[in-house]
1. Applying the Karplus parametrisation 6.51 cos²θ - 1.76 cosθ + 1.60 with θ = phi - 60° to the phi angles of region 124-135, what ³J(HN,Hα) value in whole Hz is obtained for each residue in order, glycine and proline being reported as x?
2. Summing Lys, Arg as +1 and Asp, Glu as -1, what charge do residues with Cβ under 15 Å from the Cβ of LEU29 carry, LEU29 excluded?
3. Pop a pseudo-label 7 angstrom from the Cα along the beta-carbon direction at both ARG132 and ASP40 and give the gap in nm to one decimal.
4. How big is the antiparallel share of DSSP beta bridges in region 2-134, given as a percent to the nearest 5?
5. Tally Lys/Arg at +1 and Asp/Glu at -1 over every other residue whose Cβ is under 11 Å from the Cβ of GLU54; what's the total?
6. Mark the label point 7 Å from the Cα of PHE28 along Cα→Cβ and return the residues of region 39-64 whose backbone N is within less than 17 Å of it.
7. At what distance in nm do the modelled label points of ARG20 and GLU70 sit from each other, each positioned 7 Å from its Cα along Cα→Cβ?
8. Let me check against my output: what whole-number percent is the relative contact order of the chain, with C-alpha pairs under 8 Å and at least 6 apart?
Amino acid sequence: MNVQTKFHGKIELAGEDIYRFESGLPGFLEEKQFCLLSLDDTPFFVLQSTKTKEIAFIVTNPFDVFPDYEVKLTDEVLEFLQIETEQDVLTFVILTISDIFNESTANLQAPVVINNTKKIGKQFILTGSDYRTKHRLFEPPAEQEEK
């Protein structure tokens, strides 16, 4: 399958490179198929719609940036994604990239969870947590103490 992408131009995808999001993503309910593309030598990826070139989300593994981050999947999500083992699961968070890169944020409240074995995914909204949609990726520099 040939796909026009936002950041990588035209690419060729095999069937096993496509993830199915039966429910779409919030705000993009008609977008059902995505691929995951690496962004050069960075810890970031592009979750690219295979249908609409302009729909591409910069994502990252949240555990690399927020080591204390916890995602507890409900039984409903485990069943929906047909997750059988922890090894099946890929977890990403969608980033909002700021013009000033150090001010970029991650949506920890709604991780994208993918069953990499079955190639199905869902954006799962965490309820009852302190996570927000805009967690800074980088801590602002501490102000220098006055002498």
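Every number here is computed from the coordinates shown, using simple stated rules; none is lab data. A quick note: this is a predicted structure, and the numbers were derived from the prediction, not measured. Neighbour counts are summed over all protein chains in view; Cβ atoms, including those assigned to glycine, are modelled from backbone coordinates with ideal geometry.
1. 9, 8, 6, 10, x, 10, 8, 5, 10, 7, 9, 9
2. Residues near LEU29 contribute +1 overall.
3. The answer from the label model is 3.1 nm.
4. 95
5. +2
6. 39, 44-61
7. So the label points at ARG20 and GLU70 sit 3.4 nm apart.
8. 18
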